[in-house]
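Each value in this text was obtained by applying a stated rule to the coordinates, not by laboratory testing. Small disclaimer: the values here were computed from a predicted structure and weren't measured. All Cβ positions, glycine included, derive from the backbone under ideal geometry; neighbour counts span all protein chains shown.
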Amino acid sequence: MIPNHSSLVLFVSAVLVLLAIPGPAVLYILGRSIGQGRSAGLVSALGIGVGTLIHVAAAAVGLSALLVSSATAFGVVKYLGAAYLIYLGVQKLRREESFEVSGDQARSKLSRVFGQGIVVNVLNPKTAIFFFAFLPQFVNGSRGHVAGQILFLGILFAVMGVLSDSLWALFSGSVAHWLRGNARWLRAQRYVSGGMLISLGVATAFANSGPKK
């Protein structure tokens, strides 16, 4: 089930290069971390990771191939994902959130952030296309257990992605923490994070089919 050593080294190297390029997932996490703090950013990263695992499972059973072969399915998922991001951005613009919340409110909010991270990634058709196009390059059919190899590589990718996204969340969350004492930032922060989410949704709707994490 594990690819040979040379393929594994090549895969890890390729993933490191890909993760160094900020894509929709990173922008989403930055928006959450800036708007709600490092905890929200880290939880978003975990949600994105779970969404990645769902795509990995789909790739292993051939659902990604079905999505790629159907322009209608691609379009539906693409625009659902874009609309959801725009909706989150509009909600952010409409609702001014306090940085001081009770423990129960914080847990509830983080649970919603986690679920939203899963939905954002699951409804990103580029992720499905990415796994369909990328993972098979490192699968050795002669070793058998193709689905197992895809699962192994996909889980490895998801783990590396969560670690990388968490670094982005910690960095952006730290910057936001430094700015929270600034009254102007307090007034503008929801517009910044809301605008990022809306921009991401619009960009997703009109983006080309080239995948990027």
Practice task
In nm, give the distance between the simple-model label positions of residue 5 and residue 70, each being 7 Å from the Cα along the Cα-to-Cβ direction.
Solution key: 4.4
Completion exercise
Once both label points are put 7 Å beyond Cα along the C-beta direction, the residue 206-residue 93 separation in nm becomes 1.5
Practice task
Could you work out how far apart the two model spin labels at residue 16 and residue 170 are, taking each label as a point 7 Å from the Cα in the direction of the beta carbon, and quote it in nm?
Solution key: 1.8
